[in-house]
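S.K.: Quick one: the structure is below, questions incoming.
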Amino acid sequence: MPIKTLLKNTEHFEIEKYKKPKDRKMLVKTHIPYSGSPHKHPYDSEKMILVVDPYYTSTFYYELNKSDISFVEELPNLVNLDGEVLIMVRLWIKKLSIAVRCTPFIVGDIKG
């Protein structure tokens, strides 16, 4: 098999220096970190969805107000076998903020 068929074109990825929170000690006292894959809310532009473990069969997600997010850290992306890339982030949410935790399931699936 010729080597040209094994090589694929790649996109240009820019490297960005990691930015630490300015005062991490204060951030830890006043905020809680949540990690997952961010998604747009289906009907409310003031909210967002954070899917905690997108490839796990019993995953759940958080519905958060964007105004409660104080800092965002990028985490390594996830790639599935089909080549689809999911962005992963760590969100620092203000303590005592109101959020919704939702655990979807298939009706009738009692194992798992």
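FYI, it's all coordinate maths here, none of it is from the lab. Computed from a prediction, not measured in an experiment: that's the story for all the values here. Glycine gets a Cβ as well: all are built from the backbone with ideal geometry, and neighbour counts include every protein chain shown.
S.K.: Ranked from highest to lowest mean number of other Cβ atoms within 10 Å per residue, what is the order of the peptides 56-67, 96-107? Don't skip to the answer; put the middle values down first.
M.R.: Values: 56-67: 14.0, 96-107: 9.6.
Going by the mean number of other Cβ atoms within 10 Å, highest first, we get 56-67, 96-107.
S.K.: Give me the extension gain from Ser70 to Val28: residue separation times 0.36 nm, minus the current Cα-Cα distance, reported in nm with one decimal.
M.R.: Gain on extension, Ser70 to Val28, equals 14.0 nm.
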